[in-house]
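Notes follow once the structure below has been shown.
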Amino acid sequence: MTVTSTATDTPSPLPERLADATRDETSLRRFLHGLPGVDQVGVEQRAAGLGTRSIKKAAKRWAIDTAISMVDLTTLEGADTHGKVRALAAKAKLPDPEHPDTPRVAAVCVYPDLVAPAVEALQGTGIGVASVATAFPSGRSSREIKLADVKMAVDAGATEVDMVIDRGAFLEGRYGHVFEEIQAIKAACGQAHLKVILETGELATYDNVRRASWLGLLAGGDFIKTSTGKVSPAATLPVTHVMLQAVHDWHATTGELRGVKPAGGIRTTKDAIKYLVAVHEVAGPQWLDPSLFRFGASSLLNDLLLQRRTQLDGHYSGPDYVTVD
């Protein structure tokens, strides 16, 4: 079992310690279980403390615009249609028609069979098209089927792929299986960026979240992502702290920048600002950019738009003033 080092920009060889960690199953297990344990009380207290910080009005306007630019506007329902995807793409391009200076979102996220209409609707805008894949959300299928899922999305023009790890294999301690599957999916992505969904709500402990984060980074994920949004709990601040610390430590060790995407359950501007504070304080200000931090969301954008209007107009606009997703 060998690792292929990748990064959001220019890949570089892994430091010897990390290269040795991926040599075989035993080395990988030794490395992952040798990571420092997460202080549960400490990480929860720090997340709660940072979540109480207040920001001034000018900073809030900047935070709202930054959060909008980080949204992966998402629809992942069995009833999704080409028309719904086109409507979502129109909102991605012009989130608030009455305020055309509103930032565009980072990407639109759909199922693989709906990538083509999203690509067509977003052509020339610079907005990414993300596709979930690998038997989303359960991940319960053969590798052959998972790779076919990725190929369908990439062939249709997806610029980003959100894969789910095999949580059963991870929880059984079959880290090499998970590692090799992520590597295979990364290779199938070609030029598309890979987000590795850990489904942290099923991992049970912060130590497992840390191990899964490092496993995703070692195997070549451009982003690590909390959740599918189909399992509760989805994204939480303490879990996101653990993942932000992982990408911070990865950068300190390798010089490479990798991203984090919390997804599911982030619905309000107040929530989003708490996450931005965490990004700044845990990973660092360099991560306050859509290339390194995203929100997986559907309803969040509407609240951000309403709060933005309040900042601009001086009064609250009700939900009737934004489109319903």
- Message: Can you work out the Karplus-derived ³J(HN,Hα) for every residue in the stretch 114-123? Use 6.51 cos²θ - 1.76 cosθ + 1.60 with θ = phi - 60°, whole Hz, and x for glycine or proline.
- Response: 10, 5, 4, x, 5, 4, 4, 6, 9, 4
- Item | 10 Å beta-carbon shell around Q311, net charge (K/R +1, D/E -1) | +3
- Any idea what the dipole of the stretch 210-285 comes to, in debye rounded to 20, about its Cα centre with Lys/Arg Cβ at +1 and Asp/Glu Cβ at -1? 320 debye
- If r is the Cβ-Cβ distance from A19 to Q191 and R0 is 30 Å, what FRET efficiency results, to the nearest 0.05? 0.75
- Query: If you roll a 1.4 Å probe over the heavy atoms of the protein chains, what accessible area per residue do you get for the chain, in Å²?
  - Reply: 41 Å²
- Note on the structure: Mean separation of Cα contacts under 8 Å (at least 6 apart) over the residue count of the chain, i.e. the relative contact order in percent, is 20 percent
- Message: Skipping prolines and chain starts, which residues have an amide H placed within reach, meaning under 5 Å, of the one on L257, given they are 5 or more residues away or on another chain?
- Response: T8, D9
- Task: Report Rg (one decimal) and Dmax (nearest whole number) for the stretch 89-146, counting Cα atoms only, units Å.
- Result: 14.5, 48
- Task: Using packing as a proxy for protection, rank 124-132, 193-201 so that the peptide with the highest average count of other Cβ atoms within 10 Å comes first.
- Result: 193-201, 124-132
- Query: Along each of its three principal axes, how wide is the spread of alpha-carbon positions in the stretch 176-325, in whole angstrom units, largest first?
  - Reply: 54, 33, 30
- Message: Starting from the 7 Å offset along Cα-to-Cβ, what nm value, one decimal, do you get for the label separation of R267 and S141?
- Response: 3.0 nm
- Query: Ignoring ligands, DNA and RNA, what percent of the accessible area of the stretch 173-282 is carbon or sulfur (1.4 Å)?
  - Reply: 48 percent
- Item | With every protein chain in place, the stretch 69-137: carbon and sulfur % of accessible area (1.4 Å) | 53 percent
- Task: Past 32 Å, Cα to Cα, is the threshold; run K56/K186; K195/K274; K56/K261; K60/K186; K84/K225 against it and keep the listed order.
- Result: K56/K186; K60/K186
- Message: Can you list residues from other chains, or at least 5 along the same chain, whose modelled amide H is less than 5 Å from the amide H of V71?
- Response: A106, F295
- Message: Run the helix sum for the chain: -39,500 (n - 2.57) per DSSP H stretch of 4+ residues, divided by residue count, reported at 222 nm to the nearest 500 deg cm²/dmol.
- Response: -14000 deg cm²/dmol
- Note on the structure: Taking the dipole of the chain about the Cα centre (Lys, Arg +1; Asp, Glu -1; charges at Cβ), the one of G265, L194, L32 that reaches farthest to the positive side is G265
- Query: By how many nm would the segment from H99 to R174 grow when fully extended, if each residue of separation counts as 0.36 nm and the alpha-carbon distance is taken off?
  - Reply: 21.9 nm
- Note on the structure: Per the C-alpha gyration tensor (a ≥ b ≥ c, the square roots of its eigenvalues), the stretch 1-139 is rounded if a/c is under 1.5, else prolate if a/b beats b/c, else oblate; here it's oblate
- Mind putting a number on the dipole of the chain about its Cα centre? Charges go on the C-beta only, +1 for Lys and Arg and -1 for Asp and Glu, and I need it in Debye to the nearest 20. 600 debye
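The values are calculated or read from the model by the stated rules, or taken from the named source; none is laboratory data. All of these numbers come straight from a predicted model, not from anything done at the bench. Note that we place each Cβ from the backbone using ideal geometry, even for glycine, and neighbour counts take in every protein chain shown. In case anyone asks, the SASA skips ligands and DNA or RNA and just uses the protein heavy atoms, side chains included. Shrake-Rupley method; radii C 1.70, N 1.55, O 1.52, S 1.80 Å.
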